[in-house]
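Accompanying notes for the structure given below.
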Amino acid sequence: MTNKKLLLIDGNSLAFRAFYAMYNQLDRMISHDGLHTNALVAFNNFLDQIVDPMQPDLAVVAWDAGSGKTTFRGELLSSYKDGRSKTPSEFLEQFPYLREMVALHGLRNYQQEGLEADDIIGTYSRLGEAAGYSVTIVTGDQDLIQLATDNITVNVTKKGVTEIERYTPDYILEKFNLTPAHIIEKKALTGDTSDNYPGVTKVGEKTALKLLAEYHDLDNLYANIDGMKPSKMKENLMNDRDQAFRARQLATILTAADLELPLEEIEYRGVDYDALIPFYEKLDFKQQLAKIKALKRSGQIAGDDTVDEKSVQVVGLKDSNLRALSMLGDKVALHIEYVSEDYHAGEMIGFVIGNAAVGYYGSRDVSLLQQSELKTLVENDKIQKNVFNVKAQLVLFKRLGLKLTGVNFDFLLAAYLLDTVDNDNVFATLAQRFDIYLTPDEEVYGKGAKFKIPSDSGRVLMHIANKANALMALEEPTFSALNEHQQTHLYTDIELPLAHVLANMEFQGIKVNPEYLQERGRDLAQRIEDIQSAIYIEAGEKINLNSPKQLGVLLFEKMGLPVIKKTKTGYSTAIDVLEKLAPQAPIVDHILQYRQLAKLKSTYIDGLLSVIYPEDSKIHTRFLQTLTQTGRLSSVDPNLQNIPMRSEEGRLIRTAFIPSEPNWQIFGADYSQIELRVLAHVTGDANMQKAFLNGEDIHAETARAVFGLPNDAVVDPLMRRTAKAVNFGIVYGISDFGLANNLGISRAEAKRFIDTYFQEFPQIHDWMNQIKQFAHDHGYVETIAHRRRYLPDINAKNFNLRSFAERTAMNSPIQGSAADIIKIAMIKVNDALKAHHFQARMLLQVHDELIFEAPSSEIDELSEIITSVMDSAVSLDVPLKVESHSGATWYDAK
DNA sequence: GTATTCACG
DNA sequence: ACGTACGTGAATACC
């Protein structure tokens, strides 16, 4: 039998935690009435995630009455809680709404003159325990753990308000070696700085625990103090005796206060969703509103007419009724539903086509799409299609042997361009931006182990039809938002055509030689084993070499090597640390070798082998077009944008990537220093532009500038290397700290480099300041193609968050404009390949380079055309330079 | 699920 | 007083 549950919440301390947990969002979270809502948002999350699911029988949120001065503690000590900084007004203004929120979630608010929230909780907890309840306390204040018993658990927030540490008597014993009651004794000795009362001078946590281990409690300690051997501490204890006993009184939470409201009247009433709607509307809690609507729609809570959407009708398609589709007209929404993220291989479970005016038609059987009525519709570019994720749909149709054309509106692509920040690539969440609420896929299919396609086909089709219906409704507001952002060109002429190019590249795939990988894998396995044995001998024990934790113990504890860098959880064993330690112990170098080989084997040999399609020996990556914050692509399953290159050992992996036809070659073309050229262009810096216009070695030229060398001076390699690092730093949004770290020089030296750099390239300096100012004023920055990146933290009060946003403001236009350029180039290259009737195929993009396969006979002409298309893709104030290479494998195309 | 490490531009 | 270079993805360990 389970006990009845009593939930006691420390309102003040949790609200306080909530406010500071989202403090950096303070300026972002303001309702249309000008009310700050950060604490409200966090507190609501707490109620949602912790309280609502718990369904207690009784529940109360206790609040402090006044400042604490009117309590017995204020009487005991007039300076009680003095010295606390004034509560910010942005916090105070949220209090009334916090109480309202609590009430609407079905909990009692309770406060009482003369009592603090602690005392209310303390008293109810004992009343509840006596009445047989299982009691749960939630607070942000560790002092409350003194209340823990076998029937009373105290949950203290750890980070934010939804991460919690559970204190039971057992846990307290384990953690502090104290019983709950002794928490008070400890406090008596240490005092409490935040409540502004002293304990015993010079006694802190450690000393207090030691004293309690010996003397058990305060009474016993003072009873036996004469026997204590003389020390400064003994003196302090004697002098501060009264203070200690007063501190114990102050620290003791009342458990028998006279409460006006009897226990049985704090009944939990459950969440009042209907009343929460206007409340959330007032606070602009869009996510919460969407959630309620979704709950109502799915019948999990009672619905009413104001939120029920008109259900979409779907006509089930069969061979016999396909002719009805001719009624649809020239604009439809179209969606093939697929369930694995990997649309190259996963199952297609149905499709819907239609529009709001005529209706929606669908089937679970996607092979119907190959019937002539549907095929002509799909392949007719005069019939405009609205879709979600055109690249995925293009590939799915290709798998069915169909060529999807006429796509004009891709909601995913547009939503990504409008705002990259809150983009999870999920239709239901993105539609919410436009106040359209769809049932999330997860709700229909479940997720993880619970994933299941519903047996009710009608339900599946309805779900797809709702998406189609949303695609019709979203088109107009989405296009108008793109227009407002001046992003129509970016959408229509860059991203949408690029999606088609990428779909072809992915579908085409790149051929891999599995035997080569297997052979290298065997070689690596042997060498890894040898190094591992050598390391075990040197270490004198066997550990898991892949565990940074075990490695840390070995190197820094057993071997006593100096700790150079720490991580959040322990010692860092990262490569730069190990390189510094290598001269001190031969084992370190062996570990570095082990790491390199293990990485190659697991990620690149085994990893690539596992994603080769056996039927054609090809790898089909997916380029994510709507993920990065800057506009770059990324590549997954597998990532073909990080195949090793820098070490020869790793670079050999590229030998496995081969042409898919006999007598073909791999051909690569890359932009040289595209980001620095973009920098020279956008900043308009005359000196840097001149260097590029004159075809100079830019890093050498930078070295001459920052080291004050004459124009024709020879630059030694170290100077060039330093200048190169400075150039990188500039592109990343430089800081002296970062540069110093990278170059292993002092911060002051790094600062001198940066200062000189900015003197030599003054317009770069000006631009850095302007772009930061622009970001502060507008909350976003832009690329040359009006790609936008919002920077929510640009006005944050937190220095780190703000600094990060400022560096991002400087870097994103550079990295993003370079991404714009290569995207434009890809479209033009694709067109050029067609126009010249090349057999050559574009296969991969790696940020500043394009990889192709082509007949050997085409290479010379291809090289000429592709480099010229790429270097003229856009017209900047500096030239773009493209280099190209070809060879029998990707490795040889260097 | 989070943290660490390391591969790329 | 704070404490960082920009953008990614995959493998592994560990809770």
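The values are calculated or read from the model by the stated rules, or taken from the named source; none is laboratory data. Everything numeric here is computed off the predicted structure, so don't read it as measured data. When we count neighbours, we look across all protein chains shown, and the Cβ atoms used for this are built from the backbone with ideal geometry, even at glycine. Surface areas here come from the heavy atoms of the whole protein model, side chains and all, with no ligands, DNA or RNA. Shrake-Rupley method; radii C 1.70, N 1.55, O 1.52, S 1.80 Å.
Skipping prolines and chain starts, which residues have an amide H placed within reach, meaning under 5 Å, of the one on residue A:780, given they are 5 or more residues away or on another chain?
A:791
Applying the Karplus parametrisation 6.51 cos²θ - 1.76 cosθ + 1.60 with θ = phi - 60° to the phi angles of the stretch A:817-827, what ³J(HN,Hα) value in whole Hz is obtained for each residue in order, glycine and proline being reported as x?
Values, residue by residue: 5, 4, 5, 3, 4, 5, 5, 4, 4, 4, 5 Hz.
Solvent-accessible area per residue for chain A at a 1.4 Å probe radius, Å²?
46
Using a ≥ b ≥ c from the Cα gyration tensor of the stretch A:22-166 (square roots of the eigenvalues), is it rounded, prolate or oblate, where a/c under 1.5 gives rounded and otherwise the larger of a/b and b/c decides, a/b for prolate?
oblate
Among A:125, A:193, A:472, whose Cα lies farthest out toward the positive end of the dipole of chain A, if unit charges sit on the beta carbon of Lys, Arg (+1) and Asp, Glu (-1)?
Going by the Cα projections, it comes out as A:193.
Exposed loop GluC sites (Glu not before Pro) only (DSSP loop, at most 15 other Cβ atoms within 10 Å): please give the longest stretch of chain A free of them, not including the sites.
Segment A:697-894 is the longest.
Classify the stretch A:674-801 as rounded, prolate or oblate from the Cα gyration tensor: take a ≥ b ≥ c as the square roots of its eigenvalues, call it rounded if a/c is under 1.5, otherwise prolate when a/b beats b/c and oblate if not.
Working: a/c = 2.46, a/b = 1.44, b/c = 1.71.
Oblate.
So for the stretch A:753-894, averaging the separation of alpha carbon pairs under 8 Å that are six or more residues apart and normalising by length, what relative contact order in percent results?
Details: 136 pairs, mean separation 20.8, N = 142.
Normalised by residue count, the contact order of the stretch A:753-894 is 15 percent.
Which whole-number percent is the relative contact order of the stretch A:402-505 (Cα, under 8 Å, 6+ apart)?
The normalised contact order for the stretch A:402-505 reaches 32 percent.
Just read off the accessible area of residue A:258 with the full protein assembly in place, 1.4 Å probe, to the nearest 10 Å².
Residue A:258 has an accessible surface of roughly 130 Å² with all protein chains in place.
Give A:382/A:834; A:511/A:834; A:286/A:452; A:447/A:568; A:159/A:558 a once-over and call out the pairs whose C-alpha atoms are over 26 Å from each other.
Details: A:382/A:834 22 Å; A:511/A:834 22 Å; A:286/A:452 29 Å; A:447/A:568 31 Å; A:159/A:558 33 Å.
Going by Cα-Cα distance, A:286/A:452; A:447/A:568; A:159/A:558 fall outside the 26 Å limit.
Show that you can apply the helix-only estimate: for chain A, add -39,500 (n - 2.57) for every DSSP H stretch of four or more residues, divide by all residues, and state [θ] at 222 nm to the nearest 500.
Rounded to the nearest 500, it is -13500 deg cm²/dmol.
Specify the inter-centroid distance of the stretch A:493-509 and the stretch A:1-21, based on alpha-carbon positions, in whole Å.
About 51 Å separates the Cα centre of the stretch A:493-509 from the one of the stretch A:1-21.
Sort A:269, A:841 by accessible area with a 1.4 Å probe, largest first.
Largest accessible area first, the residues go A:269, A:841.
Show me, for the stretch A:44-51, the HN-Hα J-couplings you get by feeding each phi into the Karplus relation (A = 6.51, B = -1.76, C = 1.60, θ = phi - 60°), rounded to Hz, glycine and proline as x.
Residue by residue, the stretch A:44-51 yields 5, 4, 4, 4, 5, 8, 9, 7 Hz.
Does the stretch A:180-335 classify as rounded, prolate or oblate by the C-alpha gyration tensor (a ≥ b ≥ c root eigenvalues; a/c under 1.5 gives rounded; else a/b over b/c gives prolate, otherwise oblate)?
Cα axes put the stretch A:180-335 in the prolate bin.
Given an 8 Å cut-off on Cα distances and at least 6 residues of separation, report the relative contact order of chain A as a percent.
Values: 1435 pairs, mean separation 83.5, N = 894.
With pairs under 8 Å counted, the relative contact order is 9 percent.
Pairwise over distinct Cα atoms, reciprocal of the mean inverse distance: report the Kirkwood radius of the stretch A:484-614 in Å, one decimal place. Spell out each step's value before the answer.
Details: mean 1/r = 0.0547 Å⁻¹.
Taking the inverse mean of 1/r over all distinct Cα pairs, the stretch A:484-614 comes out at 18.3 Å.
Taking amide H positions as placed in the peptide plane 1.01 Å from N, state which residues far from residue A:64 in sequence (5 or more) or on other chains have amide H under 5 Å from it.
A:12, A:117
In Å and from the alpha-carbon atoms only, list the Rg and Dmax of chain A.
33.4, 103
Students sometimes get this wrong: rank A:786, A:32 by accessible area, probe 1.4 Å, all chains present, largest first. Present the calculation step by step, with values, prior to reporting the outcome.
On the way: A:786 65, A:32 125 Å².
My answer, sorted largest first, is A:32, A:786.
Step through the residues of the stretch A:266-276 one at a time and calculate ³J(HN,Hα) from phi using the Karplus curve (6.51 cos²θ - 1.76 cosθ + 1.60, θ = phi - 60°), rounding each to whole Hz and writing x for Gly and Pro.
Along the stretch A:266-276, the couplings run 9, 4, 7, 9, x, 6, 9, 4, 4, 6, 6 Hz.
Can you give me the long-range amide H partners of residue A:407? Hydrogens built in the peptide plane at 1.01 Å from N, cutoff under 5 Å, separation of 5 or more residues or another chain.
A:385
Run the accessible area of chain A with a 1.4 Å probe and give the carbon-and-sulfur part as a rounded percent.
On the way: 20070 of 40970 Å².
For chain A, the apolar C and S fraction of the accessible surface comes to 49 percent.
What is the dipole size for the stretch A:144-245, taken about its Cα centre, with +1 at each Lys and Arg Cβ and -1 at each Asp and Glu Cβ, in debye to the nearest 20?
Around 380 debye, computed over the stretch A:144-245.
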